[in-house]
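Remarks on the structure that follows.
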Amino acid sequence: KQWYQRRVRGDETNGPKLMEIDPSGTARGFYGCAVGKGKQNAKTEIEKLDLSNMTCKELVKEVAKVIYSVHDEVKDKHFELELSWIGKETGGTHQIVPQDIFNEAKTYAEEALNDSDDEDTDM
């Protein structure tokens, strides 16, 4: 079984960075990545986003939307959405997304999923 290690690293000059280290020792940096079940579908959705030009608040909404969109209600277990972030908004420390932003992101994701379901049933 292969293993991958993901780390957030940073320094005072460049800020936080998301890094992946694969079994061969190769390290890669990401604006966003996915792990676990459904990671390929999530990665495809993440790649459609212009991550480098979005605010953290916008990213939180889009990430919630991606999580909801790749979840298969028939095959997958119920999940509880949890979101955390690191960036200028948090002073460079890892924190749970504030409740008001979380609620906005969750509503945005659920509405996008419902809109998608409505389009599917119209066909």
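Bear in mind that the values in this text are calculations on the coordinates, not laboratory data. If you're wondering where the values come from, they're calculated on a predicted model, not measured in any experiment. Methodologically, a virtual Cβ is constructed for each residue, glycine included, from the backbone with ideal geometry; neighbour enumeration extends over all protein chains shown.
Numbers below:
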| read-out | value |
| --- | --- |
| Too-long pairs where the Cα-Cα distance tops 18 Å, listed order kept, from Lys37/Lys65; Lys17/Lys39; Lys37/Lys77 | Lys17/Lys39 |
| The stretch 48-110: C-alpha gyration tensor shape, a/c 1.5 cut-off, then a/b vs b/c | prolate |
| Inter-label distance, nm, simple model (7 Å from Cα along the C-beta direction), Asp115/Leu18 | 2.2 |
| Net charge over other residues, Cβ less than 9 angstrom from the Cβ of Arg28 (K, R count +1; D, E count -1) | -2 |
| Cα-projected label distance for His78 with Asn103, points at 7 Å along beta-carbon direction, nm | 2.1 |
| Per-residue HN-Hα couplings for the stretch 40-47 [Karplus 6.51, -1.76, 1.60; θ = phi - 60°; Hz; x = Gly/Pro] | 5, 5, 5, 4, 4, 5, 4, 5 |
| For Lys17, residues with placed amide H under 5 Å, excluding near neighbours | Arg9, Gly10 |
